[in-house]
Amino acid sequence: MTERTLMLIKPDGVKRGKMGEIIRRIENKGYQISAMKMVVPTEELLNLHYAEHVGKPYYPSLVNYMMSGPVVVMIGEGTNIILGWRTLMGETNPTKAAPGTIRGDLGREWDGEAMMNLVHGSDSLSSAKREINLWFT
Ligand code: CMP
């Protein structure tokens, strides 16, 4: 089924000059990027986007990390893209993410509380709809 998903290149991906490499991997896979913009997210937006993480011990550092610079915000389209993009990204912790994935190839852990992992992808159809509406109002 053709799906849409929200894709983010997080501030560490932008600062480290990985936008081109990440977009290249999306396009090489065959997914379409149907919308794209750069924004520095507000805390209000992040509280909604990360609603399930609010209150976790790492949440304040997650917000600082996500507000530390511009984020590339994209809508990706393709058959089963929600799962496909999460497979391309690799698992959350970049130390454990498999080689061949974006997080596995381009990411690592750094000192500090925030887990910087370069990219985000919606985890379900309902999250994709919710997140696309939040970031593209
Ligand atoms: P992501 O899975 O895209 O969305 C939630 C983010 O919270 C996750 O990426 C990490 O950046 C961060 N995160 C999740 N779990 C932890 C953790 N245990 N410690 C620090 N940061 C985390």
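Odds and ends about this structure:
- Mean-square fluctuations from a GNM of the chain, with a 10 angstrom spring cutoff on Cα atoms, peak among V119, V71, V40 at V40.
- Charge tally in the Cβ shell below 12 Å around T79, where Lys, Arg are +1 and Asp, Glu are -1, T79 excluded: 0
- Listed residues P99, P57, P11, most fluctuating in the chain (Gaussian network, C-alpha, under 10 Å): P57
- Separation of alpha-carbon centers, region 19-63 and region 103-128, rounded to whole Å: 8
- The ellipsoid that matches the Cα gyration tensor of region 51-99 has semi-axes, each √(5λ) in whole angstrom, of 24, 16, 12, with the longest given first.
- Just so you know, the averaged projected area of the alpha carbon convex hull for the chain sits at 7.6 nm².
- The sum of -39500 (n - 2.57) across all DSSP H runs of n ≥ 4, divided by the residue count of the chain, sets its helix-only mean residue ellipticity at 222 nm to -11000 deg cm²/dmol.
The numbers here are math on the coordinates, done by the rules we state, and not lab data. Keep in mind that what you see is a predicted model, and the values were worked out from it rather than measured. Cβ: placed from backbone, ideal geometry, glycine included. Neighbour counts: every protein chain shown.
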